[in-house]
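Below are the structure tokens for one structure; questions will follow.
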Amino acid sequence: MPTMQHHFSLKNYNSFGIDVSAALYATPETIEELKGVLDQYDFTNLPYLVMGEGSNLLFKGDFEGLVLNPRMKGIELVEDESGQVVVRVGAAENWDSWVEYATRQGWFGLENLSLIPGSVGSAPVQNIGAYGVEMKDHFAWLEAWDLQQKLPVRLNGEDCRFDYRSSIFKTNARGRYIITHVAFRLNKQPQLQLNYGPVKEAFTKSRGATPMDLRNSIIKIRNQKLPDPGEFGNAGSFFKNPLVDRTIFKCIRVDYPEIPNFHDKENCVKIPAAWLIETAGWKGKRTGKVGTWPTQPLVIVNYGGVTGQEILDFSEQIRHDVDKKFGVYLEREVNVV
């Protein structure tokens, strides 16, 4: 049975590198070990946080409760049909390592999601996405422990209610489930997604032909645009791309005819948050030890020794200025704890 560690430092367990600690910390590697932790802790009345690699968390301060980090690993082929496979993956597997493994095995569909930081178990929570592909596009089902019913459950895509960078795990079921495994339905024949302009350009320029070539193109793009969390603490995209009413969009376009946009839901237009932030004057801007990344204003960076509260305050200034200039409210993609 795993022991709970007391006053555990989380500095190396969150990608912002914030120097905070957890009152208690546990890493169950099996369902039985998870049950053991559940028996030891009062999840009904005391604070707890389930986390993976901490790549989408911003800690404002020490966590005065239990941080639970499930460590279920393993990759298992569970279905092999004529054109597709279903693969069950442990929640603690690194996301990008899993994408690389799948691509090498000839299980295709996740290439555009290469180099996204975090664990496999975190992917459904956020419904991670990039370059025209979302995790839900290849989701089969997941296994989780239901803290409410106190038993293991299997949830399908409809149960999870996936939306843009969201799911039931971030909304009305926040904190209810502990994800232990995720299953993906992948193609045995390549179906390259090249709809995103820069991806198609990089893929063509490199004379790409295979899913691995596509993965390499994605990795090159991300490395050129985004900072390495190991060098500069960050959580990737800090804000979601906002969906705005078509009427508001038309008003903005009067002053900014060049505004990039994507038609999304009926009567709504998606505007790149990075463009809004840059146009509001925040690209490469720095206050003390926190700032936006010079080549990608959507990323907020810890330049060393910054607190979570300072990052949060900085992000609120960005939100205020974007709202004041465009009348558009930016929603955080990062989870604040």
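Each reported figure results from applying straightforward, stated rules to the coordinates on display, with no laboratory input. The model shown is predicted, which means the values in this text are computed figures rather than measured ones. All Cβ positions, even for glycine, are placed from backbone atoms using ideal geometry, and neighbour counts span all protein chains on display.
In debye to the nearest 20, how big a dipole does the chain give about its Cα centre with +1 on each Lys and Arg Cβ and -1 on each Asp and Glu Cβ?
On the way: 38 positive and 41 negative charges, 191 e Å.
About 920 debye.
Still on this structure, please answer the following. Treating cross-link reach as a plain straight distance, find the aspartates and glutamates whose alpha-carbon is under 16 Å from the alpha-carbon of LYS324, omitting any fewer than eight places away in the same chain.
ASP255, GLU278, GLU316
Moving on to the next point. Dipole magnitude of the range 5-68 about its Cα centre, charges +1 at Lys/Arg Cβ and -1 at Asp/Glu Cβ only, in debye to the nearest 20? Mind dumping the intermediate values first?
Numbers: 3 positive and 9 negative charges, 45 e Å.
For this selection, approximately 220 debye.
What is the distance in Å between the Cα centroid of the range 304-332 and that of the range 211-231?
26
Which of rounded, prolate, oblate describes the range 5-68, given a ≥ b ≥ c as roots of the alpha-carbon gyration tensor eigenvalues and a/c under 1.5 marking rounded, otherwise prolate only if a/b is larger than b/c? Mind dumping the intermediate values first?
Details: a/c = 2.16, a/b = 1.59, b/c = 1.36.
It comes out prolate by the Cα gyration axes.
Please compute the alpha carbon radius of gyration of the range 123-172, then divide it by the globular-protein estimate 2.2 N^0.38 Å. Two decimals is fine. Could the numbers behind the result be given before it?
On the way: Rg = 11.3 Å, N = 50, 2.2 N^0.38 = 9.7 Å.
Scaled against compact globular proteins, the figure is 1.16.
Another question about this same structure. As a quick test, which of the pairs LYS200/LYS225; LYS170/LYS289; LYS225/LYS250; LYS60/LYS150; LYS220/LYS325 have an alpha carbon distance above 24 angstrom in this structure?
Details: LYS200/LYS225 16 Å; LYS170/LYS289 30 Å; LYS225/LYS250 29 Å; LYS60/LYS150 30 Å; LYS220/LYS325 33 Å.
Over 24 Å Cα-Cα: LYS170/LYS289; LYS225/LYS250; LYS60/LYS150; LYS220/LYS325.
Same structure again: Just one of (1) 17.7; (2) 16.3; (3) 19.8 is mean projected area of the Cα convex hull in nm² calculated from these coordinates, so which is it?
Answer label, from the structure shown: (1).
Mind running the shape call on the range 15-131? Use the C-alpha gyration tensor, a ≥ b ≥ c as the square roots of the eigenvalues: rounded below 1.5 for a/c, prolate if a/b tops b/c, oblate otherwise. Could you put the intermediate results ahead of the total?
Working: a/c = 3.04, a/b = 1.64, b/c = 1.85.
Note, shape of the range 15-131 comes out oblate.
From the backbone phi of the range 233-248, what are the Karplus-calculated ³J(HN,Hα) couplings (6.51 cos²θ - 1.76 cosθ + 1.60, θ = phi - 60°) in whole Hz, Gly and Pro given as x?
3J(HN,Hα) across the range 233-248, in whole Hz: x, 6, 10, x, 4, 7, 10, 7, 6, x, 9, 10, 4, 4, 5, 5.
Turning to a different aspect of this structure: Order these by the 10 Å Cβ neighbour count, fewest first: GLU53, GLU33.
Values: GLU53 20, GLU33 17.
Ordered by Cβ neighbours within 10 Å, fewest first: GLU33, GLU53.
Here's another thing I want to ask about it. Hey, what number do you get for the chain at 222 nm if only DSSP H runs of n ≥ 4 count, each worth -39500 (n - 2.57), divided across all residues, to the nearest 500? Intermediate results must be reported in sequence, preceding the final value.
On the way: 9 runs with 89 residues, N = 337.
Using -39500 (n - 2.57) per qualifying helix, the result is -7500 deg cm²/dmol.
Provide the percentage of antiparallel DSSP beta bridges, counting only those with both residues in the chain; round to the nearest 5. Working shown, then result.
Working: 49 of 58 bridges.
Antiparallel: roughly 85 percent of the beta bridges in the chain.
Let me ask something else. Rounded if a/c is under 1.5, else prolate if a/b beats b/c, else oblate: with a ≥ b ≥ c from the C-alpha gyration tensor eigenvalues square-rooted, which is the range 101-188? Mind showing how you got there, number by number?
Working: a/c = 2.18, a/b = 1.65, b/c = 1.32.
Here the range 101-188 falls in the prolate category.
Place +1 on the Cβ of every Lys and Arg and -1 on the Cβ of every Asp and Glu in the range 75-187, take the dipole about the Cα centre, and give the residue among LEU151, ALA183, SER119 whose Cα lies farthest towards its positive end.
The residue sitting farthest along the positive end of the dipole is LEU151.
Going by how many other beta carbons lie within 10 Å of each one, how would you line up LEU155, LEU115, fewest first? Each step should come with its number before you reach the end.
Working: LEU155 21, LEU115 18.
Arranged by neighbour count, lowest to highest, LEU155, LEU115 become LEU115, LEU155.
So, one more: Compute the relative contact order of the range 5-68 as a whole-number percentage, counting only Cα pairs closer than 8 Å that sit 6 or more residues apart in sequence. Each step should come with its number before you reach the end.
Numbers: 99 pairs, mean separation 27.8, N = 64.
Relative contact order of the range 5-68: 43 percent.
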